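Novice: Handing you this structure, nothing more for now.
The values are calculated or read from the model by the stated rules, or taken from the named source; none is laboratory data. Keep in mind that what you see is a predicted model, and the values were worked out from it rather than measured. Note: ideal-geometry Cβ built from the backbone for every residue, glycine included; neighbour counts use all protein chains shown. Only protein heavy atoms, including side chains, enter the accessible area calculation; ligands, DNA and RNA are left aside. Shrake-Rupley method; radii C 1.70, N 1.55, O 1.52, S 1.80 Å.
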Amino acid sequence: MPADRAALGAFLRSRRDRLTPAQAGIEAFPGPRRVPGLRKEELAVLAGLSPDHYSRLEQGRQHTVTDEVVQALSRALQLDEIERAHLRDLAAPTSRRRWARPEIAQRPDPGMLRLMGVLDHVPVLLLGRRTQVLAHNGLLRAVLGPALEPGSSLARWLFLDPDARVRIVNWADFAAAAVGELRYEVGRHPDDRRLVDLVRELRSGDPDVAQWWDDQRVTFRTSVTKHLVHPTAGPLTFGIESVVGPHDPEQRLIVYTVEPDSPTARVLPVLASWATDPDESRAASETTS
């Protein structure tokens, strides 16, 4: 079974298991139930498919998946916007993926770097593919420490550096979402061997990653609150906003916003004075993909 079709089947099973007949608005089919959620036959009826057609999809034996089938399954499974996009990625023709153009080495987008310069009063981080750090400003380094240098991996820091769990008070919320974002990216780029190797490394190195990966959750967060404990400045609270650039959708500017006159806002100028280069953004001059 092709790996991408196996991923499609696993995602469908996970979404089917979480949805009961009552939640789906149908009467449960008679007979003993061996699954926590919908049966295959129940989902097939909801989606307007034959039971055999749906079984082939879930078993990875259906090589062609039409847009109409994807839309029908999305409605039947009550998928949210991100889950629908993930299902479309998983159902994409394998030939289209196989002949995708080679990836160009990642470089920070100049426009995003200029925007980062305007936002030098708050911590800012520019991320590329595979959570690779493409650039950050001095205030980001003062808040999170020296580990996230350009060229490093945000995911590796989050899961493999003990300091991340110490600094981020609500670490589990961010870590689970990060796994969901990695799954979303794998769905978009299933032939990216470096991305697949990164996921394998994290799953083997942290049991939490393995657990969150197996639940098939997909996320793409754009706004969330982050609580930190700085070793000197104490508790810090940021609203995390994600901005996707107009020229390269694979690059995201992560902005740490603060409430005016909040304790965090008042301490940021002090942290900026501690930064080695408070007025200079740090970017990877020779970042590889």
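Novice: Looking at the chain as a GNM with Cα springs under 10 Å, which of H247, H189, H63 has the largest mean-square fluctuation?
Specialist: Sorting by GNM fluctuation, first place goes to H247.
Novice: Sticking with the crude label model, points 7 Å out along Cα→Cβ, report the distance from A22 to Q59 in nm, one decimal please.
Specialist: Result: 3.2 nm between the two label points.
Novice: Tell me the per residue accessible area of segment 192-251 using a 1.4 Å probe; a whole number in Å² is fine.
Specialist: On the way: 3250 Å² over 60 residues.
With all protein chains present, segment 192-251 gives 54 Å² per residue.
Novice: If you don't mind, another one. Can you work out the accessible area per residue across segment 25-179, with the rest of the protein chains kept in place, probe 1.4 Å, in square angstrom?
Specialist: The answer is 49 Å² per residue.
Novice: Ok, one more. Quick one: helix 81-91 against the long Cα principal axis of the chain, what's the angle to the nearest 10°, folded into 0 to 90?
Specialist: 60 degrees
Novice: A further question follows. With n ≥ 4 as the cut-off for DSSP H runs, can you work out [θ] at 222 nm for the chain, using -39500 (n - 2.57) per run divided by the number of residues, rounded to the nearest 500?
Specialist: -14000 deg cm²/dmol
Novice: Springs between alpha-carbon atoms under 10 Å, Gaussian network over the chain: tell me which of V199, V143, V244 tops the mean-square fluctuations.
Specialist: Fluctuation is largest for V244.
Novice: Can you give the local net charge around D215? Use residues other than it whose beta-carbon is closer than 13 angstrom to its beta-carbon, Lys and Arg +1, Asp and Glu -1.
Specialist: Here the count lands on +2.
Novice: Mind giving me the FRET efficiency for S50 and D80? R0 is 30 Å, r the Cβ-Cβ distance, nearest 0.05 is fine.
Specialist: Once rounded, the FRET efficiency stands at 0.70.
Novice: May I ask for the net charge around V258, where only other residues with Cβ less than 14 Å from the Cβ of V258 are counted and Lys, Arg are +1 while Asp, Glu are -1?
Specialist: -2
Novice: Next question. How far apart, in nanometres, would the label points at E259 and A72 be if each is projected 7 angstrom from Cα along the Cα-to-Cβ direction?
Specialist: Distance between label points: 5.0 nm.
Novice: Report I254's accessible area, 1.4 Å probe, all protein chains in place, as a number in Å² to the nearest 10.
Specialist: The accessible area comes out at roughly 20 Å².
Novice: Of the listed values (1) 30; (2) 52; (3) 18, identify the label whose number matches percent of Cα pairs over 34 Å apart calculated from this model.
Specialist: So the calculated entry is the one marked (1).
Novice: Given the Cα-Cα distance of D206 and R88 and 0.36 nm per residue of separation, how much length would full extension add, in nm?
Specialist: 39.6 nm
Novice: Shifting gears a bit: On C-alpha positions alone, give me the angle between the axis of helix 3-17 and the longest principal axis of the chain, in degrees, nearest 10.
Specialist: Once rounded, the angle reads 80 degrees.
Novice: Let me ask another. Could you give the length gained by full extension between E41 and N170, i.e. 0.36 nm per residue of separation minus their alpha carbon distance, to one decimal place?
Specialist: Length difference between fully extended and current span is 42.4 nm.
Novice: Can you give me the Cα centroid spacing of segment 1-57 and segment 70-92 in angstrom?
Specialist: Cα centroid of segment 1-57 versus Cα centroid of segment 70-92: 13 Å apart.
Novice: Less than 13 Å Cβ to Cβ from P235, Lys/Arg counted +1 and Asp/Glu -1: what total charge do the surrounding residues give?
Specialist: Taking every Cβ under 13 Å from that of P235, the sum is +3.
Novice: Would you mind telling me the share, in percent, of accessible area of the chain contributed by carbon and sulfur at probe 1.4 angstrom?
Specialist: Ligands and nucleic acids excluded, carbon and sulfur give 53 percent.
Novice: Which residue fluctuates most in the GNM of the chain (Cα springs below 10 Å): G180, G25, G48?
Specialist: G25
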